[in-house]
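Here's the structure we're looking at; comments come further down.
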Amino acid sequence: MRNRVRELRENIGLSQGELGERLGVSRQTINSIENGRYLPSLPLALNLAQCFATSVEEIFTQEET
Amino acid sequence: MKTTQHPVRRALSAIVLATGGFALSIAIWASGSHGFALGALGFYAVASIVVFLWAGGRGDIAAILGTNGDERQRSLDRDATAITGLAVTLVALVGAIVATARTGNPGAFGVICFVGGATYVGALTVLRRRR
């Protein structure tokens, strides 16, 4: 699974800690999501999409095998 | 993540550790090893204080110890608990086999195996109805 969380976060000028604070998760969790080590739950993915004013599909895409 | 941590939540792991350590120390005392009991009591008191202080810090371990983690930290806790369960299961099974071979009775290992197996079946029965 690829994601654009880092790119979208940087576009709105937030640090990992600030984004985590907005979403109610830790900075480490944002870091893990950005690096593809952790796949967020659907509620968290929806919150991310809301925070970036986009859709979940715009953030997460299935990697081609 | 800056969240206001409830003092009881922060202290929960330390309270569990302190209670277990206190009970163990009383058991050791009752067995007659008073010096060892006092040593165990001191060890668990210090360990509980360390856990309490650590739970007030930052990072994944602090969040898990303070029972205040986010979804990823809770999943880390669940996975670590599952791995711990596997290790305990392995030790209990090997212990039961060895104890049975030596004495004809699995003893305490058998009880652990039974409780573990029954809990697993019970938990599966309940959880599959909820998901």
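B:ALA37 satisfies every condition listed in (1) on the phi > 0 side of the Ramachandran plot; (2) touching a Ser or Thr at 6+ places or on another chain (Cβ under 6 Å) except (1).
Is there a residue being under 29 Å from B:ALA62 (Cα atoms), touching a residue at least 12 places away in the same chain (Cβ under 8 Å) and of a type in the set (S, T, N, Q) anywhere in the stretch A:25-37? Looking for residues that are under 29 Å from B:ALA62 (Cα atoms), touching a residue at least 12 places away in the same chain (Cβ under 8 Å) and of a type in the set (S, T, N, Q), one finds at least one in the stretch A:25-37, hence yes. Answer yes if at least one residue in the stretch A:46-58 is hydroxyl-bearing (Ser, Thr, Tyr) and in contact with a Phe, Trp or Tyr (Cβ under 9 Å, 6 or more places away or on another chain), and no otherwise. No, that holds for no residue.
What tally of residues in the stretch A:50-65 results from selecting those that are free of Cβ contacts under 8 Å to residues at least 60 places away in the same chain and outside any loop (DSSP other than H, G, I, E, B)? Write out each step before concluding.
Kept after step one, since they are free of Cβ contacts under 8 Å to residues at least 60 places away in the same chain, are these residues of the stretch A:50-65: A:50-60, A:64-65.
Then drop every residue that is not outside any loop (DSSP other than H, G, I, E, B), which leaves A:50-51, A:56-60.
Adding up the residues that qualify gives 7.
Condition (residue is away from chain A (no Cβ under 14 Å) and free of Cβ contacts under 8 Å to residues at least 40 places away in the same chain) applied to the stretch B:52-65: is it met by at least one residue? So far as the stretch B:52-65 goes, yes, one or more of its residues are away from chain A (no Cβ under 14 Å) and free of Cβ contacts under 8 Å to residues at least 40 places away in the same chain.
Criterion first (over 20 Å from the mean Cα position of the chain (by Cα) and assigned by TED's automatic domain parsing to the domain that holds B:ALA18) does B:GLY57 satisfy it? Yes, satisfied.
Condition check for B:ARG102 on (1) under 19 Å from the mean Cα position of the chain (by Cα); (2) surrounded by fewer than 11 Cβ atoms within 10 Å (Cβ to Cβ); (3) not β-branched (Val, Ile, Thr): one failure, at (1).
Scoring A:ARG4 on the criteria (1) closer than 23 Å to B:LEU76 by Cβ; (2) surrounded by 11 or more Cβ atoms within 10 Å (Cβ to Cβ); (3) more than 14 Å from chain B (Cβ to nearest Cβ) leaves a single failure, condition (1).
Inclusion of B:ALA99 among residues that are part of a helix (DSSP H, G or I), touching a Cys at 6+ places or on another chain (Cβ under 8 Å) and of a type outside the set (D, E, K, R) is not warranted.
Set side by side, the residues B:ALA96, B:ALA92, B:ALA30, B:ALA80 differ, and just one is modelled with pLDDT of 95 or more, within 30 Å of A:GLU18 (Cα to Cα) and more than 14 Å from chain A (Cβ to nearest Cβ), which is B:ALA80.
Only one residue in A:GLY17, A:GLY36 is of a type outside the set (Lys, Arg), surrounded by fewer than 17 Cβ atoms within 10 Å (Cβ to Cβ) and at the interface with chain B (Cβ under 10 Å from one of its Cβ atoms), so which one is that?
On the way: A:GLY36 fails: at the interface with chain B (Cβ under 10 Å from one of its Cβ atoms).
Result: A:GLY17 is the single residue among A:GLY17, A:GLY36 that is of a type outside the set (Lys, Arg), surrounded by fewer than 17 Cβ atoms within 10 Å (Cβ to Cβ) and at the interface with chain B (Cβ under 10 Å from one of its Cβ atoms).
Screening the candidates B:GLY69, B:GLY42, B:GLY57 for the property of being surrounded by fewer than 13 Cβ atoms within 10 Å (Cβ to Cβ), at pLDDT below 95, of a type in the set (Gly, Ala, Ser) and on the phi < 0 side of the Ramachandran plot yields one hit, B:GLY57.
The values are calculated or read from the model by the stated rules, or taken from the named source; none is laboratory data. Here the structure is a predicted model, which is why all the values come from computation and not from measurement. Note: ideal-geometry Cβ built from the backbone for every residue, glycine included; neighbour counts use all protein chains shown.
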